[in-house]
Amino acid sequence: MISFTLNGEKQSYQGNPDKSLLEYLRLDKHLTSVKDGCSGQAACGACTVEINGKAMLSCVTKMSKLQDAEVLTPEG
């Protein structure tokens, strides 16, 4: 199980660890401020979120990398 904080709320994720954070945010959590502008090629920045105080591209960030992380989206 992967435990992390999303916009100040504790989350537990037990799905595919290779799923992108972008997919999780849009499909599982229905957060639409993060966009898929380049189909996971890390080229456009439309999916940028803050992870542990750093700007990161959610389209190339795997869920497995989020253990104990603090994730902040524009909604947060």
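Miscellaneous remarks
- Condition check for ALA42 on (1) within 17 Å of PRO74 (Cβ to Cβ); (2) aliphatic (A, V, I, L, M); (3) modelled with pLDDT under 95: one failure, at (1).
- Contact map, region 4-20: residues that are without any contact (Cβ under 8 Å) to a residue 40 or more places away in the chain paired with residues that are loosely packed, with under 15 Cβ neighbours inside 10 Å and outside any strand (DSSP E or B), Cβ distance under 7 Å, separation 6+ or inter-chain. Pairs shown: SER12/MET1; GLN14/MET1.
- Pairs with Cβ under 7 Å, 6+ apart, first in region 37-63 and touching a residue at least 60 places away in the same chain (Cβ under 8 Å), second among the charged types (D, E, K, R): MET63/LYS19
- Here GLY76 does not qualify as at pLDDT below 95 and at positive phi.
The values are calculated or read from the model by the stated rules, or taken from the named source; none is laboratory data. Because the structure is a prediction, the values reported are computed rather than measured. Every residue, glycine among them, receives a Cβ derived from its backbone with ideal geometry; neighbour counts consider all protein chains shown.
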